[in-house]
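Notes to accompany the following structure.
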Amino acid sequence: MNEQYREGMTGTTTVGLVLRDAVVLASEMRATMGYLIASKKAKKIYQIADRIGMTTAGGVGDAQQIARLMTVECSLYQIRRGRPITIGAVATLLSNILNANRYYPFYVQLLVGGVDESGPKLYAVDALGGASREEEMVATGSGSPMAFGVLEDRYSRDLSEDEAVALAVRAIRSAMKRDAGSGEGIHVVVITKEAYRELTESEVAGLSPVSPA
């Protein structure tokens, strides 16, 4: 595989936070192809069920295909069983799909989070189908080392939703300052048992006087 193309698939920063009654997902919006910024409005958080979101890091085409597939599978589960799919079931299904394609893998690193009947949950899933439940917080992508530095220092499960959103944005901005593959705008989603809510650009911009990198 062309080395420049391989490099282009790694530029991303996404974070996920687990609170007592909610999950916060955030990502930046830069898509790269080697040294080229291919898009400044790349979608990296997808709603795959009423109260479930998925963040994507890696190849854009692979990420979009997985998002489409999981959205359909979650809908089919609802229709066949008459109840929403659980976060754990989504993570298991996603793990099985990725593992079954390990010889021709999807170049993705994913977070699946939301709120189901047993509360908020967050899973990290790698390209070969390895899934691990994250009890607190996690970051993925090339900017994750910088994001982790902020999250490790400030995270608490007792954070309010507003505090958690501000922390997620701060972690993403920290990565954007040092990681060339991360940049432009910031996309934030807050998931509770009542709603799946995407913050507007003005809401995110109002969280800090510091402009995005």
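Near residue 73, once Lys and Arg are set to +1 and Asp and Glu to -1 for all other residues with Cβ below 13 Å from its Cβ, the sum equals +3. Summing charges over neighbours of residue 184, with a neighbour being any other residue whose Cβ is under 14 Å away from its Cβ, gives +4 when K and R count +1 and D and E count -1.
Kindly give Rg over Rh for the range 62-107, based on alpha-carbon atoms, with the Kirkwood expression for the hydrodynamic radius. Radius of gyration relative to Kirkwood radius: 1.01.
Work from the charge dipole of the chain (Cβ charges, +1 for Lys and Arg, -1 for Asp and Glu, about the Cα centre) and give the residue of 188, 89, 69 farthest towards its positive end. Selected residue: 69.
Projecting the Cα positions of 205, 100, 174 onto the charge dipole of the chain (unit charges on Cβ atoms of Lys, Arg, Asp and Glu, taken about the Cα centre) puts 100 furthest along the positive direction.
Short-range pairs are left out: with C-alpha atoms under 8 Å and at least six residues apart, the relative contact order of the range 3-205 is 31 percent. Amide H to amide H, with H built 1.01 Å from N, residue 183 comes under 5 Å of 29, 30, counting only residues 5 or more places away or on other chains.
For the chain, the alpha carbon convex hull comes to 108 Å³ per residue, rounded to a whole number. Lysine pairs in the chain whose alpha-carbon atoms fall under 29 angstrom of each other, counting only those eight or more residues apart or on distinct chains, come to 11.
Grab the DSSP H runs of the chain that are 4 residues or longer, score each as -39,500 (n - 2.57), total them, divide by all residues and round the 222 nm result to the nearest 500 deg cm²/dmol.
-11000 deg cm²/dmol
Summing Lys and Arg as +1 and Asp and Glu as -1 over all other residues whose Cβ lies under 15 Å from the Cβ of residue 63 gives a net charge of +2. In a simple Cβ point-charge model (Lys, Arg +1; Asp, Glu -1; nothing else charged), the chain has a dipole of about 480 debye relative to its Cα centre.
Computed from the coordinates by the stated procedures, all read-outs in this text should not be read as laboratory data. Model, not experiment: these values are computed from the prediction. Note: ideal-geometry Cβ built from the backbone for every residue, glycine included; neighbour counts use all protein chains shown.
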